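Reading through the structure tokens given below for one structure.
Since every read-out is calculated from the coordinates, none of them should be taken as a lab result. What you see is a predicted model, and the numbers here were worked out from it, not measured in a lab. Quick reminder, even Gly has a Cβ in these numbers, built from the backbone with ideal geometry, and neighbours come from all protein chains shown.
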Amino acid sequence: MHLTPKYINIIINILLGAAWAVTFYGFFNGFASVDSNIFIKFISGLVHMFLGLVAVLVIEVIYLQFKRYEEQKRTNRLLREILKKES
């Protein structure tokens with residue numbers, strides 16, 4: 001992940017790491033908190049893991065929007081340069 005402003009890149013990476021940590025913690029907590037057979041434990045782990053996965057998806061969408069914005073700025077700059085050369 002490389003975004004032009006370094007601080008945005010650092011913030012997104014920290015939030016993404018925290019979201020993955022919540023995902024794994026949710027799975028292990030859900031798995032360990034149920035006193036039943038292995039199938040029910042696995043289902044409980046997946047249900048508890050869902051919140052972290054939603055956070056990961058939201059952060060990835062935010063990252064993609066920043067990348068799209070940077071690409072749009074670069075494209076607009078190039079188009080302006082081409083327009084100036086033609087006129």
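Only lysine pairs 8 or more places apart or on separate chains count here, and in the chain those with Cα atoms under 29 Å apart total 6.
Per residue, the convex hull around the alpha carbon atoms of the chain comes to 80 Å³. Separation of the range 13-28 and the range 50-71, taken as the distance between their Cα centroids, equals 14 angstrom. Counting only alpha carbon atoms, the long axis of helix 38-86 and the longest principal axis of the chain meet at about 0°.
Projected label points at F50 and K6, each 7 Å from Cα along the beta carbon direction, are separated by 4.1 nanometres.
Of Y63, G30, L83, which is farthest along the charge dipole of the chain in the positive direction, counting Lys and Arg as +1 and Asp and Glu as -1 at C-beta? The one lying farthest along the dipole's positive direction is L83. Modelled this way, with points 7 Å down the Cα-to-C-beta line, the labels at K67 and N13 are 1.6 nm from one another. Dipole size of the chain about its Cα centre, with +1 on Lys/Arg Cβ and -1 on Asp/Glu Cβ: approximately 540 debye, rounded to the nearest 20. Nearest 10 degrees, 0 to 90: what angle lies between the long axis of helix 6-33 and the longest principal axis of the chain (Cα atoms)? For 6-33 against the chain, the angle is about 20 degrees.
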